[in-house]
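Have a look at the structure below, then the notes.
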Amino acid sequence: MRVARLDIVGVVTLGMITALGGGILRDVLLGALPPATFSDWRYLLVATAGGLLAFALSRQLERVSLSITVFDALGLGLFAVTGATRALDLGAGAGQAVLLGGITAVGGGTLRDVLVRRIPSVLSSELYAVPALLGALVVVVADRLGSTAITWSLAGAALAFTVRMLGVGFRLNAPSPPGRRGTGD
Amino acid sequence: MRVARLDIVGVVTLGMITALGGGILRDVLLGALPPATFSDWRYLLVATAGGLLAFALSRQLERVSLSITVFDALGLGLFAVTGATRALDLGAGAGQAVLLGGITAVGGGTLRDVLVRRIPSVLSSELYAVPALLGALVVVVADRLGSTAITWSLAGAALAFTVRMLGVGFRLNAPSPPGRRGTGD
Amino acid sequence: MRVARLDIVGVVTLGMITALGGGILRDVLLGALPPATFSDWRYLLVATAGGLLAFALSRQLERVSLSITVFDALGLGLFAVTGATRALDLGAGAGQAVLLGGITAVGGGTLRDVLVRRIPSVLSSELYAVPALLGALVVVVADRLGSTAITWSLAGAALAFTVRMLGVGFRLNAPSPPGRRGTGD
């Protein structure tokens, strides 16, 4: 399996898709078009700058995969709560808001993985969708109880971050299908 | 080629994408957002339950691939006629309605195949898109002749199911490009 | 890695996705749904005819990969300027219009590459996104200077075509990340 060899355009393109893809999927599913992350130039600027930074630091980044995991987990939590909040703002139901929080959090990384031909983390990795859904759930439950305070968003993001880091640290996985665990079966 | 090893979250996620993806693509193309399959909580519940059931029965399911093929062909027919019907309801032209019936039927499975890195069935398998388009065509022709009776939907779904099962049973394929059939050519 | 073996349905499906996919992505991002390329039957007809032609000529096409590259570069330029023009017509900002021109130009081919499991050209190939963005930039700058003359569209498409062909001819790539160039590093 040949690893994708990316040039600067590829790195920036992938960076933008990773950063903006989840929010775009969320806004398409909400019918809130054009997507906020696309119609606001500042989002594009930040995503492009992030991609350029990753390009410039790529040699260093390969040596600090732990910090990448930490940043990724932070993004997972923040995207989960902002996605759920935006879904609630646009009138989505509670279940949809939780799901859209999860989609916002994992969507960009899933698109990236498809483009570079990796099995998306959401399908196979240590707890990845679960912490995102938990973080979104905190925001939705608080909203249903009448509170939209920023505290709950921070709590939701922190919960998602913590569960994700525990999943990575202890190599936790959600249960696998019965009968596929053993190699001799 | 490593096969994707999915945990319960991956199985349920894939199940939901397979079940709802085609309808979501159809509604995006029709501009009917948010998609019906997403804004109605019952669709999500059925798709989640189906994914959990598939997870619980995965060991058994591996031994009964014939029944999976049968259920898949049934779904192909039902999605084709419901997709075409919804397209007509929303004012799509005859050609678009046939195509949207086909997209509804094959879209979810195509998204699933992309995520687990298989060549989508619609591109390479025994008759797959053809029966879906035929099933949708029955509904659209009946509609143009003035009848929206459920009988035509059932006839369309039955036609799609039959053609698909014949394709699987006799390993039929649509014609391949000339000059690629033989290995020595 | 097994190459996808496509039948006639697969070839036509891939042809339609390649031809229409970029415009559909653009219209989804602009919220202009249903997409123009989908609601207008003539687009579908041309794309289907192109797919059938490619199927009939596939043996010959394999021997003339140069002319495919030329046609692909022509399409890249035309899609870039029409994409940017449509984005401006629908009120997109200058930055968004340039980006949407690029997405229109590379989107269809990217979807095709994902479906047949190739690393998309936009990520790894000789200059591919860059000429599309340059072509779109010409149209957007002209528009901002008050001219929507067809001349500028032709100039933009010609620029994109020329840069792309130079990229292919001289195997130019955008810069790669530092530290990944050498094999021994």
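Read the figures in this text as sums done on the coordinates, not as results from a lab. Source: prediction; values computed, not measured. Here the Cβ positions follow ideal geometry from the backbone for every residue, glycine too, while neighbour counts run over all protein chains shown.
Return a whole-number percent for the relative contact order of the range C:8-169, with Cα pairs under 8 Å and 6 or more residues apart as the contact set.
Result for the range C:8-169 is 26 percent.
Got a sec? Charge dipole of the range A:8-169, +1 on Cβ for Lys and Arg, -1 for Asp and Glu; which of A:VAL168, A:THR104, A:LEU30 is way out at the positive end?
Ranked along the dipole, the leading option is A:VAL168.
If you average the C-alpha positions of the range B:76-118 and of the range A:126-143 separately, how far apart do those two centres end up, in angstrom?
For the range B:76-118 versus the range A:126-143, the Cα centre distance is 31 Å.
Other chains' Cβ within 10 Å of B:68-75 residues: what's the mean?
0
How many nanometers, to one decimal and shortest first, lie between the label point of B:LEU74 and those of its other copies, if labels sit 7 Å from Cα toward Cβ?
When each copy's label point is compared with this one, the spacings are 5.1, 5.1 nm.
What is the diffusion coefficient of the range B:8-169 in µm²/s, taking the Kirkwood radius over Cα pairs and the Stokes-Einstein relation at 20 °C with a viscosity of 1.002 mPa s?
The calculation lands on 135 µm²/s.
Can you pull the mean other chain C-beta count within 10 Å for peptide B:26-32?
Mean inter-chain Cβ contacts per residue within 10 Å come to 6.
Treat the count of other C-beta atoms within 10 Å as a stand-in for reagent exposure and order C:TYR128, C:TYR43 from fewest to most.
Exposure proxy ranking, most exposed first: C:TYR43, C:TYR128.
At C:VAL46, label 7 Å along Cα→Cβ: distances to the other copies, nm, ascending?
Label point to label point, same position, other copies: 3.9, 3.9 nm.
Show me the ranking of peptides B:90-102, C:146-158 by mean Cβ neighbours inside 10 Å, starting with the highest.
B:90-102, C:146-158
Summarise the partner chain shielding of A:103-116 as one whole number: the mean count of Cβ atoms from other chains within 10 Å of each residue's Cβ.
Across A:103-116, the average partner-chain Cβ count within 10 Å equals 2.
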